[in-house]
Amino acid sequence: MEWFASMPKVELHAHLNGSIRDSTLLELARVLGEKGVIVFSDVEHVIMKSDRSLHEVFKLFDLIHVLTTDHATVTRITQEVVEDFASENIVYLELRTTPKRNESIGMSKRSYMDAVVEGLRAVSAVDVDFASRSIDVRRPVNTKNMNDACNGTRGKKIYVRLLLSIDRRETTEAAMETVKLALEMRDLGVVGIDLSGNPTKGEWTTFLPALKFAREQGLQITLHCGEIPNKEEIQSMLDFLPQRIGHACCFEEEEWRKLKSSKIPVEICLTSNIRTETISSLDIHHFVDLYKAQHPLVLCTDDSGVFSTSVSREYDLAASAFSLGRREMFQLAKSAVKFIFANGRVKEDLKEIFDLAEKKLDL
Ligand SMILES: CNc1ncnc2c1ncn2[C@@H]1O[C@H](COP(=O)(O)O)[C@@H](O)[C@H]1O
Ligand SMILES: [Zn+2]
């Protein structure tokens, strides 16, 4: 585990409200309990429960959203989540979140996202690079930061880019509003759109107009695809040719063929799949087949808070479950740089970071 923590890594599939520390959730619940908004003892039990079905996970998200409604809390969790990822040597983080509207507290989708950006600005433990367009020149990689990325000390740098999520419960209009907001916020590090939410809800065709518009406007797209069996939807999603997909759990022969020939990179979330029982055990996980086929893959957490995991833990898990050595795991981490949504300058910087680490680490 420690070795994987010391290695530089990228995280491409992390939901903000799924990545909150348990201690922060408990603190927020205690405050709302004191105000009489919730019953703390009921909520404490739900937060600390470790095994959750997919259905229970979405009930938990509804609760988490009650705990994190105000702007200041959104800022706080963003700051903490970035600091937590940086502390395990994530050098590039694509953080996704669903912009929320709550008229009773004067929150619009824009003000929610402004609170997220405020959280990025509030990080002081590490240097955060999050503005995508303003600095488009090549800058030399700071070797001091690089040393830190290898030995796990403080004072390092993390690139953060944002994806705006469309929730499957939303309407076409609401999805379109999210895409327009993403376009408005490109200079603030928004690089793409994610489609997520309870896979038993909503219809793919509802989101298609907004996703097509996003693509026309140059935003990158990742879709939660095949979390539950739904042949028709999976096929249509693959035909859409998103830049990446998440999960790919419930594919059949024909969908595997389509995926492999399209070479769409897959965000693999092992612990999430096992905990939600979308995959019954690691030895039958599709990671093995895709890895052997040299299909583009990236290991991710999905919801590090909800599933009590970290990127390092996911690497550790994959290494032991699939008998992969340090060198292979390092190459897997390095290869993920090819699938990030940020511009070429960031890719070049990250390549340099991995090249330097490769020389320095005991592989
Ligand atoms: C377990 N697998 C999953 N499948 C699908 N969607 C998921 C998810 N995990 C998280 N989300 C999506 O992310 C939201 C929480 O973060 P934000 O409020 O956006 O920051 C959830 O409400 C859900 O829409
Ligand atoms: Zn997800």
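Can you pull out the residues in the stretch 216-271 that are at positive phi, part of a loop (DSSP other than H, G, I, E, B) and within 14 Å of ligand 2 (Cβ to nearest atom)? Scanning the stretch 216-271 gives 226, 248.
Looking only at residues that are surrounded by fewer than 19 Cβ atoms within 10 Å (Cβ to Cβ) and closer than 24 Å to residue 176 by Cβ in the stretch 72-103, which one is farthest from the chain's Cα centre (by Cα)? Per the criteria, the residue is 103. Within the stretch 272-286, if we keep just the residues that are part of a helix (DSSP H, G or I) and either within 16 Å of ligand 2 (Cβ to nearest atom) or buried (at least 20 other Cβ atoms within 10 Å of the Cβ) (or both), the residue that is nearest to the chain's Cα centre (by Cα) turns out to be 272. Exactly one residue out of 10, 43 is away from ligand 1 (no atom under 16 Å from the Cβ), surrounded by 12 or more Cβ atoms within 10 Å (Cβ to Cβ) and either farther than 24 Å from residue 159 by Cβ or of a type in the set (Phe, Trp, Tyr) (or both), and it is 43.
Set side by side, the residues 197, 189 differ, and just one is crowded, with 18+ Cβ neighbours inside 10 Å, touching a Lys or Arg at 6+ places or on another chain (Cβ under 6 Å), modelled with pLDDT of 95 or more and farther than 30 Å from residue 8 by Cβ, which is 197. Filtered by the rule that a residue be assigned to a loop (DSSP other than H, G, I, E, B) and touching a helix residue (DSSP H, G or I) at 6+ places or on another chain (Cβ under 7 Å), the stretch 305-328 gives 305, 306, 307, 309, 322, 324. Whether a residue is in contact (Cβ under 8 Å) with a residue 40 or more places away in the chain and more than 22 Å from residue 246 (Cβ to Cβ) was assessed, and residue 96 does not pass this test.
Look at the stretch 196-215 and say how many of its residues are touching a Gly at 6+ places or on another chain (Cβ under 9 Å) and within 16 Å of ligand 2 (Cβ to nearest atom).
Counting residues in the stretch 196-215 that are touching a Gly at 6+ places or on another chain (Cβ under 9 Å) and within 16 Å of ligand 2 (Cβ to nearest atom) gives 2.
Filter the stretch 290-316 for residues that are more than 20 Å from residue 86 (Cα to Cα) and either within 15 Å of ligand 1 (Cβ to nearest atom) or not hydroxyl-bearing (Ser, Thr, Tyr) (or both) and give the result. Hits for the stretch 290-316 are 290, 292, 293, 294, 295, 296, 297. Contact map, the stretch 45-62: first residue over 18 Å from residue 228 (Cβ atoms) and touching a residue at least 24 places away in the same chain (Cβ under 8 Å), second residue within 15 Å of ligand 2 (Cβ to nearest atom) and of a type in the set (A, V, I, L, M, F, W, C), Cβ cut-off under 9 Å, separation 6 or more or different chains; pairs are 47/60; 47/64; 50/307.
Residue check: residue 287 meets all listed conditions (1) hydrophobic (A, V, I, L, M, F, W, C); (2) under 20 Å from residue 5 (Cβ atoms); (3) more than 16 Å from ligand 1 (Cβ to nearest atom); (4) out of contact with any His (no Cβ under 8 Å at 6 or more places or on another chain) but one, namely (2). Among the conditions (1) away from ligand 2 (no atom under 16 Å from the Cβ); (2) at pLDDT 95 or above, the only one that residue 69 does not satisfy is (2). Within the stretch 46-66, the set of residues being among the hydrophobic types (A, V, I, L, M, F, W, C) and either surrounded by fewer than 13 Cβ atoms within 10 Å (Cβ to Cβ) or away from ligand 2 (no atom under 15 Å from the Cβ) (or both) comprises 46, 47, 48, 63, 66. Applying a threshold of 7 Å to beta carbon distances and a minimum spacing of six or more residues, or different chains, the list of pairs starting in the stretch 107-120 at a residue that is on the phi > 0 side of the Ramachandran plot and ending at one that is among the β-branched types (Val, Ile, Thr) and part of a helix (DSSP H, G or I) is empty. Checking 161, 169 one by one, the residue that is surrounded by 14 or more Cβ atoms within 10 Å (Cβ to Cβ), of a type in the set (Lys, Arg) and modelled with pLDDT of 95 or more is 161 and no other.
Among the residues making up the stretch 334-346, those that are basic (Lys, Arg) and surrounded by 14 or more Cβ atoms within 10 Å (Cβ to Cβ) are 334, 345.
When restricted to residues that are farther than 26 Å from residue 51 by Cα and in contact with a strand residue (DSSP E or B) (Cβ under 6 Å, 6 or more places away or on another chain), the stretch 280-290 contains 1.
State which residue pairs qualify: first residue more than 13 Å from ligand 1 (Cβ to nearest atom) and inside the stretch 225-251, second residue assigned to a strand (DSSP E or B) and at pLDDT below 95 in any location, beta carbons under 9 Å apart, and separation of 6 or more residues or different chains. That search, which allows pairs on different chains as well, returns nothing.
The values are calculated or read from the model by the stated rules, or taken from the named source; none is laboratory data. Keep in mind it's a predicted model, so treat the numbers as computed, not measured. Note that each Cβ is placed from the backbone with ideal geometry, even for glycine, and that neighbours are counted across all protein chains shown.
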